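Dropping the structure in here first, questions after.
The values are calculated or read from the model by the stated rules, or taken from the named source; none is laboratory data. For clarity, every value in this text was computed on a predicted model and none was experimentally measured. Neighbour counts run over all protein chains shown; Cβ positions are idealised from the backbone, glycine included.
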Amino acid sequence: MARARIIVIGGGAGGLELATRLGNKLGRKATADITLVDRNPTHIWKPLLHEVATGTLDVDIDQVNYRAHARAHGFDFQMGTMTGLDREQRTVTLAPMYDENGEEILSERQLSYDYLVLAIGSVSNHFGTPGVPENCIFLDSPVQANRFHRRLLEAYLKLNSPGHPKDNLNIAIVGAGATGVELAAELHHAAAELNLYGFGDMKRDRLKISMIEAGPRILPALPERIAAAAHRELVKLGVDVRVSTKVTAADEHGLQLGDEHLASELMVWAAGIKAPDFLKDLAGLENNRMNQLLVLPTLQTTRDSQIYVIGDCAGCPLPDNKWVPPRAQSAHQMASVVATNLMAAIQGKPQQPYHYHDHGSLISLSRFGTVGNLMGNLVGGAMMIEGRIARMAYVSLYRMHQVALHGWWRTVMISVIGRINKIIRPRLKLH
Ligand SMILES: Cc1cc2nc3c(=O)[nH]c(=O)nc-3n(C[C@H](O)[C@H](O)[C@H](O)COP(=O)(O)OP(=O)(O)OC[C@H]3O[C@@H](n4cnc5c(N)ncnc54)[C@H](O)[C@@H]3O)c2cc1C
């Protein structure tokens, strides 16, 4: 019998864990051919992107090179961006690739599959607000996070130069979900650190961060008590938190909030997400309003059992008529269910349903604290945690992802190297 061909599109929180597991279980034994496709050459766990943006993450330690990882775990890697799907022929189309001079390096390609897994994540949703795509930065990818970091350093340089007319650096963050809140705290931390590295005029009190939230409170997806604790911390840091405030437009000088114009040199849009537009009407598959592809409890699409969807781009209904939330923990859980289901499908065995388990949420306020809740039978429902325990739980989320990719031994080595690097390298990226 011919070997089954499994293609996973998107090597993020869910897709890379899935490809690794399938490679280890099937690829190494040559039971199936596993191919991972991603538009980037390396992987960074998306919840770390705000640390890439502020320069506080050591990217060299935390990024995973897809080719090297694929070789070590029994799967193939193809760099490319998926642009099309032919369900009859069972092929996906990858866009041509160009070098920086615009010359074609790779022409458009078609890859054939027996089973396809879509794990391409989500993008920011600006709800059609005028001026936002041109003037705001999104934190959807490492490229965008690096762009923000470059602009941040340039803004600091300008502020630090003699005769600069402005007293402060104004940064506006739209959206007070986890991304916005964590970014605000991390920016304060980065400003304090930069002060040690030659940006002598850049005191933390010259950093003016405004956080704009349309809803009545910050962290709308989290319990009220946690949101209140995070709100207090942000106010203590000097963040101007504005709730029930809608951004009506953006221009190169700032944000329009109804009648008021809020001047800002840097604007970050972190208010809501949707699945990428190209999934809308993709080869006749069904979508919800967020462009997510609708799936059955087995995570197969409603119209094609050979296609599975995991992570942020999966429209997976919950019993209470809501959707499985777009979180790293959902992507992680879905990856392990689809790994089991694909192995069962190849052997002609029945498929397992996916049940979402909410283990709680944690918000890191950089070194200023961590707040969150843990959920589950072990803690008897929901329990609020703060401080050191919360910080440990927050870090352990990422460690779980690393263990899924590298195993325990390597994960321990990576964290030891990370600690050593903290001693021998600057505390943040300065270029
Ligand atoms: C700053 C920030 C902080 C966050 N913090 C938390 C947190 O604390 N806890 C939590 O649970 N969640 C958090 N999240 C959400 C979490 O990151 C996502 O829910 C999770 O990464 C989703 O995983 P995924 O596998 O669906 O997609 P992703 O991890 O986004 O991966 C998608 C992959 O697909 C690739 N890709 C996209 N389009 C294509 C294409 N057309 N062709 C080929 N490849 C493609 C991308 O390059 C990427 O590698 C945070 C998100 C952000 C932005």
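Taking the condition within 17 Å of L365 (Cα to Cα) and in contact with a strand residue (DSSP E or B) (Cβ under 6 Å, 6 or more places away or on another chain), does E182 pass? Step through it out loud before you land on a result.
Numbers: within 17 Å of L365 (Cα to Cα): yes; in contact with a strand residue (DSSP E or B) (Cβ under 6 Å, 6 or more places away or on another chain): yes.
So E182 passes the test.
Scan L152, L116 and give me the residue that is under 30 Å from G315 (Cβ atoms) and either of a type in the set (F, W, Y) or not in a loop (DSSP other than H, G, I, E, B) (or both). Full working, then the answer.
Working: L152 fails: under 30 Å from G315 (Cβ atoms).
None of the other options fit; the residue is L116.
If we keep just the residues of the stretch 289-342 that are farther than 14 Å from G12 by Cα, of a type in the set (A, V, I, L, M) and part of a loop (DSSP other than H, G, I, E, B), which is nearest to the ligand (Cβ to nearest atom)?
It comes out as V324.
Restricting to the stretch 267-288, and then to whatever is outside any loop (DSSP other than H, G, I, E, B) and away from the ligand (no atom under 11 Å from the Cβ), can you tell me which residue is farthest from Y113 (Cα to Cα)?
The first filter runs over the stretch 267-288 and keeps only residues outside any loop (DSSP other than H, G, I, E, B), leaving 267-269, 273-274, 277-279, 282-284, 287.
Of the ones still in play, those that are also away from the ligand (no atom under 11 Å from the Cβ) are 267, 269, 274, 283-284, 287.
Values: M267: 42, W269: 37, K274: 26, A283: 15, G284: 18, N287: 22 Å.
Of everything passing the filter in the stretch 267-288, M267 is farthest from Y113 (Cα to Cα).
Right, next: Can you tell me which residue among A214, A228 is in contact with a Lys or Arg (Cβ under 9 Å, 6 or more places away or on another chain) and either without any contact (Cβ under 8 Å) to a residue 12 or more places away in the chain or buried (at least 18 other Cβ atoms within 10 Å of the Cβ) (or both)? If you could, list the steps in order and put the result at the bottom.
Details: A214 fails: either without any contact (Cβ under 8 Å) to a residue 12 or more places away in the chain or buried (at least 18 other Cβ atoms within 10 Å of the Cβ) (or both).
Criteria check complete, one pass: A228.
Right, here's the next one. For the stretch 197-213, which positions are modelled with pLDDT under 95 and more than 18 Å from P162 (Cα to Cα)? Break it down into steps so the answer makes sense when it comes.
At the first step, the residues of the stretch 197-213 found to be modelled with pLDDT under 95 are 197-209.
The answer is R204, D205, K208, I209.
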